[in-house]
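Note sheet for the following structure.
The values are calculated or read from the model by the stated rules, or taken from the named source; none is laboratory data. Bear in mind that the values here come from a model prediction, so they are computed numbers and not experimental data. When we count neighbours, we look across all protein chains shown, and the Cβ atoms used for this are built from the backbone with ideal geometry, even at glycine. When the accessible area is computed, the model is the full protein with side chains, heavy atoms only, and any ligands, DNA or RNA have been set aside. Shrake-Rupley method; radii C 1.70, N 1.55, O 1.52, S 1.80 Å.
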Amino acid sequence: MRLELRPDGRQSDTALMIQRGVSRLLRAANFAVLPEFTLASGRRADLMAIADSGEIWIVEIKSSPEDFRSDSKWPEYRDWCDRLFFAIPTAMEPALMPADAGLIIADGWGADIARHTPASNLHAARRKAVTLAFARAAALRLHGLYDPLAENF
């Protein structure tokens, strides 16, 4: 049985395509990945990823120049990760993205990291809190897939 993710309606087709490509890249690099991850601040990261080492990445998906220009919340994500990346489609101009963040170029099949940035050192208490929240979110989503009626009990 193959389960398909059902988008919540907020993502454009382009954003979903980027999400798929970036998720494949990160999984191939042995990251655990969750889309649409809500941080303790209430902000929602497009993709959150945790490496075997515990390093935490947030990937902010930008499907168009207008999508980037209309978003002022992304600097807040730096407080919740070791590395912040933007992910854009192949048709978008990379020079539009801030130079002090990583950059991933993606399509629906995969992605490439075009630019890395140095890792920050997330405070240990924040790392623990984010990692626990990530684990709980992943477990609850998995449970919802194999027992969709569970939250009715």
Placing +1 on each Lys and Arg Cβ and -1 on each Asp and Glu Cβ in segment 36-91, then taking the dipole about the Cα centre, the residue among Pro75, Gly54, Pro89 whose Cα reaches farthest towards the positive end is Pro75
Projected label distance in nm at Arg141 and Ser12, using a 7 Å step from Cα toward the beta-carbon: 2.2
In Å, the Kirkwood hydrodynamic radius from C-alpha pairs for segment 42-124 sits at 13.2
For segment 10-153, the accessible surface attributable to carbon and sulfur atoms (probe 1.4 angstrom, ligands and nucleic acids excluded) amounts in percent to 55
Surface per residue (accessible, 1.4 Å probe) for the chain, Å²: 60
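Could you compute the net charge surrounding Ala119? Neighbours are other residues with a C-beta less than 9 Å from the C-beta of Ala119; K and R count +1, D and E count -1.
Taking every Cβ under 9 Å from that of Ala119, the sum is -1.
So if the hydrodynamic radius of the chain is defined as the Kirkwood radius over C-alpha pairs, what does Stokes-Einstein give as its diffusion coefficient at 25 °C and 0.890 mPa s, in µm² per second?
153
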Computed P(r) (all Cα pairs; segment 88-153; 10 Å bins; percent): 16, 24, 30, 23, 6, 0
Could you work out which residue, out of Ser72, Ser23, Ser63, moves most in a Gaussian network model of the chain, that is, has the largest mean-square fluctuation with Cα springs under 10 Å? Ser72
With +1 on each Lys and Arg Cβ and -1 on each Asp and Glu Cβ, and nothing else charged, work out how big the dipole of the chain is about its Cα centre, in Debye to the nearest 20. 360
